[in-house]
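Chemist: Structure in structure tokens, see below.
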Amino acid sequence: MSPVLSVRDLRVSFASEAGRVDAVRGVSFDLEAGKTLGIVGESGSGKSVTSLAVMGLLDENAKVSGSIMFDGQELLGKTDSQLSAIRGNGISMIFQDPLTSLTPVYTVGAQLIEALTVHRNLSAKEANARAIDLLKLVGIPEPEKRMKAFPHEFSGGMRQRVVIAIAMANDPKLIIADEPTTALDVTIQAQILDLIEKAQAETGAAVMMITHDMGVVARTADDVMVMYAGKPVEQAPVRELFHQTRMPYSIGLLGAIPRVDKAEKEPLTPIKGNPPLLINLPDACPFADRCPIVMDACRTREPELLPVATAGGAEHRAACIRSHEIEDGGMLGGLPVYPVREAPESALTRLPREERPITLEVKNLTKTFPLLKGAFLKRKVGEVHAVKGISFDVREGETMAIVGESGSGKTTTLLQIMDMIKQTEGDIVIAGTSVNDIRSRKVERALRRDIQIVFQDPMGALDPRMTVADIISEPLSAIGTPKAEIQRRVGELMDLVGLNPAHRDRFPQAFSGGQRQRIGIARALSTNPKIVVLDEPVSALDVSIQAGVINLLDDLKVKLGLSYLFVAHDLSVVRHIADRVAVMYLGDFVEHGDVDEVFDNPKHPYTRALLSAIPVPDPDIERTRQRIVFDPASVTDQPVAS
Amino acid sequence: MTTDMIDPLVEPPVGPAQPAEAAAEKSLSKWTLYSRRFMRNKPAVAGVIILIVLVLFATLGPLLSPYAVNDMDFLSLGKGPSAEHWFGTNGAGNDTYTQTAIGLQRSLMIAITVSVGTTILSALVGTAAAYFGGWFERIALLVIHFMMVVPTFLMLSVISNDSGGVWWVIALVMIFIGWFFPARIIWTMTLSLREREYVQAARYMGVPGTRIVLRHLVPNIGSLLVINFTMGIVAAVTTETGLSFIGFGVKIPDVSLGSLIGEGSTSITSSPWLFYFPALALTLLTVSMALIADGLRDALDPTSAAGGRA
């Protein structure tokens, strides 16, 4: 059978002021009908550029060479109007952000019909009927009615369904999905992945699945291509790649992901350093600077993607001169490729929980938003209960995690604590001081020393106009620390979080994402707080970087005896970092207890559904797992607490 | 382009793998960084040089001339440029060189006062209104919106005429009628800035509100303020020129570029030097300010091509 898509030696470069950026440097693959190719890589690895090159959607200043054969035709060199006949018809694309991939001013039906009529001669009636069929197929209830709805009337998951309906409208031969679930909640992600599979079965199309999530790959892909610095570094069928990994980068990627199905507490193995800049790359292995098993030979020539013989016997290629030495399970000569770190431990963690002092106590926290009506004089017509009276405590040296999907009220809870809102019926006690007792600004400011926050977006949380030293010292100068003391402390803190103190006068944009997050952590630690609130601290980071930040948080907790209040939607990270966990749903804790207890033995149906929806980076486990769907109507019993 | 690759122009990844070029504990300060970036911009440096020449001309120029601004040389009335009168004389025998220098001095004083005044006032009112919200915001917006419907140029003309053309009264009135438009723009910009996480972070650190306004909000609209300031100078010079041109601005015995240009334009065919020299000074002033504005914006911009480097 001839492949639907056959890419040979694809190269893409962009001209920039700093020099030529080689975004894609020689990608080759074949994709057959009905098969799925997973392309994995971190930001800047060239995976999105590859997909855009196939679609012919690259910027005008991009130089593209090589060959892209789709369905017997060469795509490179075709004009934009020739490609328009193929785009949306033969090849369709599902973009990452469903919120922006639909035009807000047209109804969903109009956009579906447009996708249909642009490539086919359909009468208005036929097009309408087909559009309704498509909406029904992607699982949108009452499709006739929803045809007339605008995108903003749909939730994120529903919009992504519409995008998929548009993508499959013309029975394409190739569907390109660029991070289709990254912006969605886990339970929705599972449904969307199922739907893409369904769309594939329905149309018989080949799928190019671009993602950074190894779990998604394990679940959907037949073949996997791992990309690094614009080049594929390992290419193999999915089982082979996960079980007989031969390239240090892929091993690192797999080792850097926390697993939701295992109660491991040993540190993750981060890949040190950052991806190289794609300008004037030397003729050397681009991974050499980050590789734990680098040799001198790695720096003399860039290794080619060559076949590797493995026990599985499948077609397997890797770009590493030591790949034949590497054994299954990421071992080399009986030792792991990535040296295992010692798990940090302290006297505090050995003390039973009950004997440790409480650093944060929340009793019956409630938040309601009034529903207002009227243009001028606003009348209260009702209330939305965002948080419905939750209680928990965090003790010294422990991590309490709140997990939940968007809209569960976890961010509202955080803001209530950080804003130190006085509770009418409950109480928030921070390091022994109740917020209900705060009488003056001075007391409040003093209390803020003990509670600090790290934000999700490492860029947005750092003032771009301030140097790193100014940023880190801001909480210190807010409490009136002398200048000399601040100078000393800044150097100490940068050292503590693994930044070079000599970089103190740089601006935040000179740092990579992971380093920026370290700056944020250093700032939070500057006042020696007792409790640090972490608002999705790693969700904006790449996997290999994420592992480093998680390990840093683990180390700091032990070293400084901190308590963390950790808010996240990623349950794998929570399982790894947290001691206790609370699952939040519609403003209430549905389950609350010890992390292993909750994850291994979930009592509430919502927790079970949530846990079953998370992709596990192991194709064997992932494809045999039973997914539990949560039906809100089924909840009649009270929340479980242990 | 919707790729997520690292744009080398925006974020040069500086990893620990790369050696730090300056291992000294205290390396480049913010200000040396800014000045180095500014100095690399050749047109901006040219603008600074022109401005310095103009300022020197306005301050030291009159000392080089043997004539005072109101001296009348009855032996050369309405004569063109010569060895005695470098820029010629007007019909009353005043030395145009001296008058241009003094006029430029006056115009610069008015322009800088007005521009500093409006920039500070608008930045403080705009950011504070957006950050503090509540009654403060409501009153500030009420005043701004009220000012917008007042015929301000008319007010300016009447008041400056009443004052007898005293320059600082004109400057004060120009600040009074000039601050609210930029203030409203700054208010809208700050509204989005207020929601940024670093502002929230500062609040959670216990940084007082006024400090947040001064340390976070004002610097982050810095490029806008710089442009407002330099363009404000241009606008103030032109407003003052216009005012003097129609006879409401600076009055004899005081001179400004506007009054000189106004006077010169009436006799542009018979004695063109009366128009061209003050007009040249005005043009050089506005062009140099525009070039400087450009250079400053690039130098202060954190996302500029230079990144975090010098």
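Coordinate-derived values only; no laboratory data. All values reported here derive from a predicted model rather than from experimental measurement. Backbone-built Cβ (ideal geometry, glycine too); neighbour counts: all protein chains shown.
Chemist: Relative contact order for chain B using alpha-carbon pairs under 8 Å, separation at least 6, rounded to a whole percent?
Modeler: For chain B, the relative contact order is 27 percent.
Chemist: Where in chain B are the helices, taken as whole DSSP H runs, whose Cα atoms extend 27 angstrom or more along the long axis and whose Kyte-Doolittle mean reaches at least 1.6?
Modeler: B:42-64
Chemist: Can you give the helix-only mean residue ellipticity at 222 nm for the protein assembly as shown, where every DSSP H stretch with n ≥ 4 adds -39500 (n - 2.57) and the sum goes over all residues, rounded to the nearest 500 deg cm²/dmol?
Modeler: -13000 deg cm²/dmol
Chemist: Using +1 on the beta carbon of Lys and Arg, -1 on that of Asp and Glu, and nothing else charged, what's the dipole of chain B about the Cα centre, debye to 20?
Modeler: 700
Chemist: Treating only the Cβ of Lys, Arg, Asp and Glu as charged (+1, +1, -1, -1), what charge dipole size does the protein assembly as shown show about its Cα centre? Round to the nearest 20 debye.
Modeler: Computed charge dipole of the protein assembly as shown: roughly 1980 debye.
Chemist: Give me the angle, in degrees from 0 to 90, between the Cα long axis of helix A:513-525 and the longest principal axis of the Cα atoms of chain A, rounded to the nearest 10.
Modeler: Computed tilt is about 10 degrees.
Chemist: Which of the three applies to chain B, rounded, prolate or oblate, going by the alpha-carbon gyration tensor with a ≥ b ≥ c and a/c under 1.5 meaning rounded?
Modeler: Because a/c hits 1.5 or more and a/b fails to exceed b/c, chain B counts as oblate.
Chemist: Hey, another quick one. Peptide A:456-467: average number of partner chain Cβ atoms within 10 Å per residue?
Modeler: 6
Chemist: Given Cα positions, please report Rg to Rh for segment A:5-221, the hydrodynamic radius being the Kirkwood one.
Modeler: With Rh from the inverse mean 1/r over Cα pairs, Rg/Rh is 0.97.
Chemist: On to the next question. Place the peptides A:508-516, A:444-452 in order of packing, highest mean first, counting for every residue the other Cβ atoms within 10 Å and averaging per peptide.
Modeler: A:508-516, A:444-452
Chemist: What are the semi-axes of the equivalent ellipsoid for segment B:201-291, taken as the square roots of 5 times the Cα gyration tensor eigenvalues, largest first, in whole Å?
Modeler: 43, 14, 7
Chemist: Determine, for each peptide in A:489-497, B:292-300, A:277-285, the mean count of other beta carbons within 10 angstrom over its residues, then list the peptides with the highest first.
Modeler: So the order, starting with the most tightly packed, is B:292-300, A:489-497, A:277-285.
Chemist: Sticking with this structure for a sec: May I ask for log10 I(q)/I(0) of the protein assembly as shown at q = 0.10 Å⁻¹, from a Debye sum over the Cα atoms as equal point scatterers with solvent left out?
Modeler: -1.26
Chemist: For segment A:520-591, what is the largest minus smallest coordinate of the Cα atoms on each principal axis, given in angstrom and ordered from greatest to least?
Modeler: Sorted from largest, the Cα extents of segment A:520-591 read 35, 28, 18 Å.
Chemist: Name the trypsin sites (Lys or Arg not before Pro) in segment A:26-75 that are in a loop by DSSP and that have at most 13 other C-beta atoms within 10 Å, would you?
Modeler: none
Chemist: Using only Cα atoms, find the angle between the long axis of helix A:124-137 and the longest principal axis of chain A, and express it within 0 to 90 degrees, rounded to the nearest 10.
Modeler: Helix A:124-137 sits at roughly 50 degrees to that axis.
Chemist: In peptide A:276-284, what is the residue-averaged number of other protein chain Cβ atoms found within 10 Å of each Cβ?
Modeler: Mean partner-chain Cβ count within 10 Å for A:276-284: 2.
Chemist: Additional query: Using +1 at the C-beta of Lys and Arg and -1 at the C-beta of Asp and Glu, which of B:299, B:89, B:127 has the Cα lying farthest in the positive direction of the dipole of chain B?
Modeler: Checked the options; the winner is B:127.
Chemist: Okay, next question. So in segment A:158-311, what percent of DSSP beta bridges are antiparallel if you round to the nearest 5?
Modeler: About 55 percent, rounded to the nearest 5.
Chemist: Could you identify which residue out of B:39, B:155, B:205 has the top mean-square fluctuation in a GNM of chain B using Cα springs shorter than 10 Å?
Modeler: Per the Cα network of chain B with a 10 Å cutoff, B:205 tops the list.
Chemist: Given the pairs A:380/A:410; A:47/A:231; A:173/A:198; A:125/A:148; A:530/A:559, which are separated by over 20 angstrom at their Cα positions?
Modeler: From A:380/A:410; A:47/A:231; A:173/A:198; A:125/A:148; A:530/A:559, over 20 Å: A:380/A:410.
Chemist: A further question follows. For the protein assembly as shown, with the dipole built from +1 on Lys and Arg beta-carbon atoms and -1 on Asp and Glu ones, taken about the Cα centre, which of A:149, B:56, A:64 lies farthest toward the positive end?
Modeler: B:56
Chemist: How large is log10 of I(q)/I(0) for segment A:1-80 at q = 0.27 Å⁻¹ when the intensity is taken from the Debye formula with one equal scatterer per alpha-carbon?
Modeler: The computed values of log10 I(q)/I(0) come out as -1.45.
Chemist: Work out the FRET efficiency for residue A:60 and residue A:369 from their Cβ-Cβ distance, taking R0 = 60 Å, and round it to the nearest 0.05.
Modeler: E between residue A:60 and residue A:369, to the nearest 0.05, is 0.80.
Chemist: Loop sites only, by DSSP: take the GluC sites (Glu not before Pro) in chain B that have at most 14 other C-beta atoms within 10 Å and name the longest stretch containing none of them.
Modeler: Result for the longest clean stretch: B:196-310.
Chemist: Run the reach check for residue A:262 against lysines, Cα to Cα strictly under 23 Å, same-chain hits fewer than 8 apart removed. What comes back?
Modeler: By straight Cα distance, residue A:262 reaches A:557, A:603.
Chemist: Once amide H atoms are built 1.01 Å from N in the peptide plane, which residues 5 or more positions from residue A:227, or in another chain, come under 5 Å H to H?
Modeler: A:40, A:41, A:233
Chemist: When the gyration tensor of segment A:230-354 is built from Cα positions, what are the square roots of 5 times its three eigenvalues, in whole Å, from largest to smallest?
Modeler: In descending order, the three semi-axes are 31, 19, 13 Å.
Chemist: In what sequence, highest mean first, do A:467-473, A:87-93, A:304-310, A:414-420 appear when ranked by Cβ atoms within 10 angstrom?
Modeler: Result, highest mean Cβ count within 10 Å first: A:467-473, A:87-93, A:414-420, A:304-310.
Chemist: Among the DSSP beta bridges whose two residues both lie in the protein assembly as shown, what percent are antiparallel, rounded to the nearest 5?
Modeler: Approximately 60 percent, going by the DSSP bridge assignments.
Chemist: What's the angle, to the nearest 10 degrees (0 to 90), between helix A:186-203's Cα axis and the longest principal axis of chain A?
Modeler: 10
Chemist: In segment A:5-221, with Lys and Arg counted as +1 and Asp and Glu as -1 at Cβ, which of these residues, A:41, A:169, A:103, has the Cα nearest the positive end of the dipole, that is, farthest along it?
Modeler: The residue sitting farthest along the positive end of the dipole is A:169.
Chemist: Test of the criteria: in segment A:143-208, which trypsin sites (Lys or Arg not before Pro) are in a DSSP loop and have at most 15 other Cβ atoms within 10 angstrom of their Cβ?
Modeler: Filter output for segment A:143-208: A:148.
Chemist: Hey, in the protein assembly as shown, which Cys have no second cysteine's beta-carbon closer than 4.7 Å?
Modeler: Flagged as lacking a Cys partner: A:291, A:320.
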